[in-house]
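Novice: What follows is a single structure, and I will ask about it in a moment.
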Amino acid sequence: MTEVEPDQAPPAVAPDTIDAFFSRLGSTADRLPKRLKQFADFIAANPDRVAVSTVAELADGADVQPSAVMRFCQEMGFSGYSQMQKLFRTGYAQKWPDYATRLAKLREHGAESPSALLAEFVEVGRSSLENLLTTVDPTALQQAVDVLARAETIHMIGFRRAFPVTSYLAYAFEKMDVPAVLHSGIANINMEHLIRPNDAVIAVTFAPYTEMTIDMATKARATGADIVAITDVVTSPLARLKAIQLLVSELDVGAFRALSASLSLAIALAVSVGAQRNRI
């Protein structure tokens with residue numbers, strides 16, 4: 001029997017879920033060699049491409065050699081790219097089906113009446129709120145409040161499913177006389193030029209991540225603005241912007257996700273910022 005050397009770690013076991021994959025990636029990305037870290041950043045920003053791309057296509061997109069893709073797979077515990085791709089194909093098929101499929105899942109779930117559906121959403125909302133107490137780091141939350149409270153202007157950026165969160169933040173800040181700008185994207189009006197070095201941005205995006213949110217947050221970071229991210233996993237594309245991350249995990253009913261936890265976090269953040277600005 002071959003003995004493992006004292007300084008040699010046993011081979012990693014491949015993650016069996018998408019969430020487990022990103023959890024491992026978040027804890028190991030900073031220790032990866034340069035090219036593997038470059039590929040890890042690309043995967044974090046474009047997770048949906050794994051399920052539909054070849055090794056060569058991913059390597060080209062990340063601007064690395066195909067050998068780096070294979071080494072990355074092994075680093076994550078997979079025997080090769082096909083095993084990793086299988087995980088993503090299975091995971092993303094379950095996570096983000098089209099709306100016709102989501103409605104079919106609701107029927108399979110037995111939530112056919114409005115009252116039954118309401119009960120289901122109440123239950124998953126309760127669970128999501130309980131999870132919020134463990135996913136949001138209290139230190140990060142306080143850092144976010146400190147950054148937003150001293151900002152000259154707060155900018156809210158979030159589209160698609162995230163837009164209700166940013167619009168609610170804008171409403172709350174307006175009621176508390178906190179200088180804030182909601183970047184809505186309506187009529188394709190670009191207000192990025194309003195973001196200044198002494199401002200702060202609240203960027204909200206969840207997988208599959210909205211490219212416009214990532215692009216705008218990246219440009220804001222380049223101007224010197226601070227970034228507070230409301231997102232789902234530590235490997236969100238916003239992480240590479242050195243954002244203060246507030247993590248939210250929303251459960252679903254038949255693949256439809258509510259925003260119970262996200263909105264609760266948003267109002268807690270807004271009220272905390274308003275109260276702290278009054279003390280400054």
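Novice: Looking only at segment 29-54, how many residues end up being farther than 19 Å from residue 205 by Cβ, open to solvent by 30 Å² or more (accessible area, probe 1.4 Å), in contact with a helix residue (DSSP H, G or I) (Cβ under 9 Å, 6 or more places away or on another chain) and in a helix (DSSP H, G or I)?
Specialist: 5
Novice: Tally time: how many residues in segment 222-264 are over 21 Å from residue 22 (Cα atoms) and modelled with pLDDT under 80?
Specialist: 3
Novice: Looking at (1) more than 20 Å from residue 214 (Cβ to Cβ); (2) buried (at least 21 other Cβ atoms within 10 Å of the Cβ); (3) touching a helix residue (DSSP H, G or I) at 6+ places or on another chain (Cβ under 7 Å), which one does residue 151 not meet, given that it meets all the others?
Specialist: (3)
Novice: Being over 17 Å from residue 164 (Cα atoms), touching a strand residue (DSSP E or B) at 6+ places or on another chain (Cβ under 8 Å) and open to solvent by less than 30 Å² (accessible area, probe 1.4 Å) is true for just one of 203, 217. Which residue is that?
Specialist: Unique residue meeting the criteria: 217.
Novice: Next up: Name, by its number, the condition in (1) in contact with a strand residue (DSSP E or B) (Cβ under 9 Å, 6 or more places away or on another chain); (2) surrounded by fewer than 16 Cβ atoms within 10 Å (Cβ to Cβ) that does not hold for residue 187.
Specialist: Evaluating residue 187 over (1) in contact with a strand residue (DSSP E or B) (Cβ under 9 Å, 6 or more places away or on another chain); (2) surrounded by fewer than 16 Cβ atoms within 10 Å (Cβ to Cβ) leaves (1) as the failure.
Novice: To continue, here is another question. Within segment 76-90, count every residue that is in contact (Cβ under 8 Å) with a residue 40 or more places away in the chain and surrounded by fewer than 19 Cβ atoms within 10 Å (Cβ to Cβ). Working first, answer last.
Specialist: Restricting attention to segment 76-90, the residues satisfying the condition of being in contact (Cβ under 8 Å) with a residue 40 or more places away in the chain are 76-79, 83-84, 87-88.
The next check asks that each one be surrounded by fewer than 19 Cβ atoms within 10 Å (Cβ to Cβ); those that pass are 77, 79, 83.
The qualifying residues number 3.
Novice: Further, regarding this structure: Output the number of the condition that residue 172 fails; it satisfies all remaining conditions of (1) open to solvent by less than 70 Å² (accessible area, probe 1.4 Å); (2) at pLDDT below 95; (3) within 23 Å of residue 140 (Cβ to Cβ).
Specialist: (2)
Novice: Right, residue 162: assigned to a helix (DSSP H, G or I), at pLDDT below 95 and crowded, with 22+ Cβ neighbours inside 10 Å or not?
Specialist: Judged against the criteria, residue 162 is a match.
Novice: Another question, then. Any residue in segment 240-256 that is of a type outside the set (Asp, Glu), open to solvent by less than 10 Å² (accessible area, probe 1.4 Å), touching a residue at least 24 places away in the same chain (Cβ under 8 Å) and assigned to a strand (DSSP E or B)?
Specialist: Yes: segment 240-256 contains one or more residues that are of a type outside the set (Asp, Glu), open to solvent by less than 10 Å² (accessible area, probe 1.4 Å), touching a residue at least 24 places away in the same chain (Cβ under 8 Å) and assigned to a strand (DSSP E or B).
Novice: For segment 202-239, what are the residues that are under 15 Å from residue 26 (Cβ atoms) and not in a loop (DSSP other than H, G, I, E, B)?
Specialist: Residues satisfying the conditions are 229, 231, 237, 238, 239.
The values are calculated or read from the model by the stated rules, or taken from the named source; none is laboratory data. For clarity, every value in this text was computed on a predicted model and none was experimentally measured. We place every Cβ from the backbone using ideal geometry, glycine too, and count neighbours over all the protein chains shown. Heads up: the accessible areas ignore ligands, DNA and RNA and are worked out on the full protein's heavy atoms, side chains in. Shrake-Rupley method; radii C 1.70, N 1.55, O 1.52, S 1.80 Å.
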